[in-house]
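Heads up: the structure comes next, in C-alpha cells.
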Amino acid sequence: MAGRLKGRGAVSSPAPRFERHREVAVDDGWYSEPAPDSIATTVLPEPARTIVSRNDSPDIGFSQSINPYRGCEHGCVYCLHGDTGITMADGAVKALANIEPGDAILGTEKQGHYRRYVPTRVLAHWRTVKRAWRIRLADGTELIASGDHRFLTERGWKYVASSSATPRARLTLNNSLMGYGCVHTVASRDIASFRRGYLCGLIRGDGHLKVYSYRREGRATGDQHRFRLAMIDFAPLDRAAEWLGEFGIGTSRFVFARGTDSRRPMEAIRASSQAAVAAIQQLVAWPERPDRDWLSGFVGGIFDAEGSFSNGVIRVANTDARIIGTLQSALGAFGFDTALETPRPDTLKPVQYVRVRGGLPQCLRFFRQFEPCIARKRDISLAAVKSTARLGIVAIEPLPGARELFDITTGTGDFLANGVVSHNCFARPSHAYMGLSPGLDFETKLFFKAQAAQRLTEEFSKPRYVPSPIMLGANTDPYQPLEKRLRVTRSILEVLAKCRHPVSIVTKGALIERDLDILVPMARDNLVGVMVSLTTLDADLKRRLEPRAASPLARLATIRRLHAAGVPVGTLIAPVIPGLTDHELERLLEAAAEAGARCAGYVVLRLPHELKDMFRDWLAEHYPERARHVMSRVHSIRGGRDNDPQFGSRMRGSGVDAQLLGQRFAVALRRLGLERRIGFELDTSLFQRPVEGGPQLPLPI
C-alpha cells in the first residue's frame with residue numbers, strides 16, 4: 001500500500017532531474033519540455049526471483065500485488081561538502097565524509113513550543129556529484145551545499161537555490177539560519193603537554209595523593225604512599241590509567257563502592273609504591289609557565305572532576321583558590337567569558353563556581369577545545385534550538401563545476417552541519433536493501449521487472465497456485481512515466497489477459513488509456529477494475545501537492561473514457577488531508593460519479609517514518625499560515641500523534657473528527673448511488689493455467 005512507502009510518497013513528487021525530457025500530464029494531453037543537464041540515468045532489470053507479493057493485512061482488500069518498478073525517476077538529493085562538521089551526540093564533531101551508519105549524532109525535534117536538540121542515529125550515508133553553492137554566515141560559518149539542500153531558517157525550511165521545475169522557498173540574504181553557529185577548529189597541539197594538564201586537573205580535582213609519615217616498630221620508617229582516584233564515571237578512569245601508563249606509571253583498578261538502588265557504583269585506580277606516587281606528584285605539579293596545551297588539558301581534567309553542564313550552563317566548583325584562579329586564567333586565554341559565583345561565603349572553605357557565559361555555542365566550543373571525556377556532561381539533549389549566534393546569511397555564491405558531496409539519512413530527518421540545522425535526504429530503503437546507495441544510485445539506477453511476464457507465467461504454472469485478484473501497483477504507480485517506454489505493466493496485463501486472471505489497478509496516470517485494447521475484453525469477463533485516485537479539484541493545490549501527476553481534469557477524463565469503454569472504474573480519494581483537502585470530499589465524489597465512477601473509497605493522510613517531517617516541511621513552504629491548523633487536525637484523527645500504525649484505524653483514523661469524516665463519506669455515497677468499496681468483486685473461476693509448450697508470452701522491450 002502507498003501508506004507503507006518511506007520517503008517522498010503521495011505528499012510530494014518533485015520534477016525529474018536526469019531525463020533529457022520530462023512528460024507532464026495536463027488537461028488536454030501530454031507534452032515534453034527540456035530538463036536540466038545532469039548525470040546519466042541507467043535503467044536496470046531487478047534481480048527478483050518472484051513477481052507476486054503476498055499480503056495479509058486486514059486493512060487491505062487484496063492478498064496479492066505486483067509492483068512493476070522500483071526506484072524513482074525524479075529522486076531528490078540534499079547534499080553537503082565532505083568537510084562539513086557533523087555534531088555527534090556527545091558534542092564532538094566529525095567530518096560528514098567520515099560519518100558511518102549507526103553513528104550517534106544530534107538532530108532536532110519539535111517539542112511543545114520549541115524545537116530541541118535530540119540524539120539520533122545515522123541510517124544511511126553516501127556520496128554524489130552535484131553543482132554546489134557556498135553559503136557564508138555573519139559569524140564566519142561557511143557551508144558548501146547543493147541547490148537542493150535545505151536549511152532551517154527563522155521562516156522555516158528553505159532550499160539553497162531556486163528551481164526551474166517547481167516553485168520553492170529559497171535562501172536569501174535576509175534569512176538567518178537556526179542553530180548555534182560555527183565551532184572553530186582546534187589547532188594541532190602538544191599531546192604530552194595536554195595530557196599533563198589533564199591529569200593535573202583531574203587528580204587535583206578528584207584524586208587522593210599523599211604520603212603518610214609515622215614510626216613503625218621494627219622499621220626505620222612506616223611511611224605510606226597513596227594515590228587513589230575514585231569516580232562514578234569510568235571514562236576518565238580509563239583515560240587516566242592509560243595516560244599515566246604512557247608516562248611510565250602503572251596503576252591497578254578496583255571496585256571502590258558497590259552500587260545500590262539509590263547509588264551508582266564507583267571504581268578507582270590506585271598506586272602505592274614510593275616511585276609511582278613521587279612520579280605522579282611531579283607530573284601534576286604546578287608549572288611555572290604553563291603553555292596553552294597544558295592549560296587546555298587542565299580545563300578538561302578539572303571539568304571531568306568537578307564540572308557540571310545543566311540547562312545549557314557549564315560550571316566548575318572547587319574550594320581551592322589556586323585551582324579556581326588557574327581555571328579562570330585558562331578560560332580567559334582561550335577567549336571564554338566567565339563569572340565567579342560564591343553561593344556560601346560564610347563557610348570556612350567556601351565553594352566557588354566558575355560559570356562559562358555565552359550560551360550553547362560557547363558550551364560546544366568548550367567541549368571541543370578542552371576534550372572532557374564524560375559523555376553525560378556533554379549531553380545537550382533537550383536544549384532549545386535558539387542562540388545569540390550571528391547566523392544571518394551574508395553571501396550565497398554558486399561554485400564552478402560539479403563537486404563531490406555527501407549526505408546522510410537520520411532518525412529525526414535532520415542533523416547539525418557546521419552548527420546549523422540541516423535537512424537530510426529521505427532515502428528509500430528499497431535501494432539500500434539491494435546493497436545500493438540511496439543517494440546517487442537511487443537517482444540514477446532505476447529498476448524494473450524485466451522478466452515480469454515470464455515470472456508471472458511461471459507463478460501461474462505452479463500446481464499449488466490458487467487464483468486471487470491481483471492488485472497492480474500497490475506500492476508504486478504502474479503507469480509512471482517510465483512505463484511509456486518500457487511497457488512492463490502492459491506485458492503483465494497481456495499475461496493476465498491470456499490466463500484470464502482477475503486484476504485491480506490503482507493509478508493517477510492517464511497512460512492507462514493506452515491499454516484499453518487489453519482492458520476492454522477483460523472487463524467483459526469481469527476480470528478487471530480500475531480505481532483512479534483523486535486528491536483535489538484545485539489545480540493550483542495539485543501542482544504543489546503532486547506536481548508531476550495528471551491534473552484533476554485529466555484524471556476525471558480518464559474515468560470518463562474508461563467508463564465509456566465498459567471498464568469498471570471507481571475513485572479512491574487519497575490522501576484526505578484534514579484542514580486542507582477534506583472540505584472537498586463531497587465535490588470530489590460528485591465529480592467522479594458524474595464522470596462514470598461506480599464505487600469509491602478514501603484513505604486519510606498517513607505520515608509514517610520520514611513522511612511526517614517531509615509533510616511538515618511541505619506545509620511550511622507552501623501553506624505556512626495553515627500549517628499549525630492542519631497538523632492539529634491530523635493529530636485529532638491520529639490519537640494526538642503524527643501517525644497511527646494500528647490495523648483497523650491506520651487508513652481511516654479514529655476519534656470524533658474521523659467519525660464525522662466517515663459519516664460524510666457514507667451520506668455522499670448514498671446520495672450519489674456509489675458503492676462503498678475499494679476494488680471490485682472479480683471472477684476467479686475463468687483462470688486458465690499457461691499451457692506448457694504453448695505460444696511464447698510477450699516480454700517487455
Grab the Cα-Cα distance for residue 524 and residue 50, subtract it from 0.36 nm times how many residues apart they are, and report the gain in nm with one decimal. 167.7 nm
Compute the distance in nm between two label points, each set 7 Å from the Cα along the Cα-to-Cβ direction, one at residue 282 and one at residue 402. 6.2
Estimated FRET transfer efficiency (residue 466, residue 659; beta-carbon r; R0 35 Å; 0.05): 0.40
Using modelled amide H (1.01 Å from N, peptide plane; none on Pro or chain starts), what sits under 5 Å from the amide H of residue 116, excluding residues fewer than 5 places away? 109, 110, 111, 385
Burial order of peptide ranges 143-150, 494-501, 272-279 (average beta-carbon count within 10 Å, highest first): 143-150, 494-501, 272-279
Would you mind checking the pairs 130/508; 462/498; 110/386 and listing those with alpha carbons more than 23 angstrom apart? 130/508
Ordered by residue, what ³J(HN,Hα) values in Hz, to whole numbers, does the stretch 235-242 give under the Karplus form 6.51 cos²θ - 1.76 cosθ + 1.60, where θ = phi - 60° and Gly and Pro are x? 4, x, 5, 4, 5, 4, 4, 5
Calculate the spin-label point distance for residue 683 paired with residue 242, positioning each point 7 Å from the Cα along the beta-carbon direction, and give it in nanometres. 7.6
Sequence-distant residues sharing a close amide H with residue 503 (under 5 Å, placed H): 470, 528, 529
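Order these peptides, 458-469, 298-309, 561-572, by their mean beta-carbon neighbour count within 10 angstrom, highest first. Don't jump to the answer; show the numbers that get you there.
Values: 458-469: 13.7, 298-309: 26.2, 561-572: 21.1.
Sorting 458-469, 298-309, 561-572 by mean packing, highest first, produces 298-309, 561-572, 458-469.
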Can you list residues whose amide H is under 5 Å from residue 127's amide H, if they're 5+ apart or on another chain and H is modeled 1.01 Å from N? 440
Report the calculated FRET efficiency for residue 291 and residue 320 (r = Cβ-Cβ distance, R0 = 22 Å), to the nearest 0.05. 0.50
Go through the stretch 394-399 residue by residue and turn each phi into a ³J(HN,Hα) via Karplus (6.51, -1.76, 1.60, θ = phi - 60°); whole Hz please, and just put x for glycine and proline. 10, 7, 10, 10, x, 9
Checked against the positive end of the charge dipole of the stretch 262-421 (+1 on Cβ of Lys and Arg, -1 on Cβ of Asp and Glu, about the Cα centre), the farthest of 374, 311, 282 is 311
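Bear in mind these aren't lab numbers, they're just calculated from the coordinates by the rules spelled out. A quick note: this is a predicted structure, and the numbers were derived from the prediction, not measured. Ideal geometry is used to build each Cβ from the backbone, glycine not excepted, and the neighbour counts take in all protein chains shown.
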